[in-house]
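To keep things clear, I will list the structure first and then write my remarks on it.
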Amino acid sequence: MGRPGGPMGENLAVMAMLPMQTSPDVGVAKLGSMTPGIRRSKKEDRIPQWGYDETKEFIALRAELEKDFMQTKRNKTLWEFIAGKMKEKGYRRNADQCKCKWKNLVNQYKVSSLF
């Protein structure tokens, strides 16, 4: 696509080698403490952060489908396929979470490559 830094496959390989940043949830209020009458402070109600191994598996799955993603504009079924593969590997992620994670990884890569 004429992006600097080479073809997307090289970028995926570089992203797979980047260290994963993890940080604790700072300043996150529980819904139950802000909304009277609603108690949702159960730990299992929260979506857990993506782990290092989970992210590596995710990037590998996404890389396998790079050609398919480049050929279509409507890629919801591709994200659903990735979510299904993640489930087979023992991770609980839906298509929207996978799409959001990918967008965040690409943005983090772009920001880190500027410096």
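Is it the case that segment 97-113 has a residue that's farther than 21 Å from Gly51 by Cβ and without any contact (Cβ under 8 Å) to a residue 60 or more places away in the chain? Scanning segment 97-113, I find at least one residue that is farther than 21 Å from Gly51 by Cβ and without any contact (Cβ under 8 Å) to a residue 60 or more places away in the chain, so the answer is yes. Residues that are modelled with pLDDT of 60 or more and among the acidic types (Asp, Glu) number at least 3 in the following helices (runs of 4 or more DSSP H) confined to segment 1-103: 52-64.
The values are calculated or read from the model by the stated rules, or taken from the named source; none is laboratory data. This structure is a prediction, so every number in the text was calculated from the model and none was measured. Cβ coordinates were reconstructed from backbone atoms using ideal geometry, including for glycine residues, and neighbour counts include every protein chain displayed.
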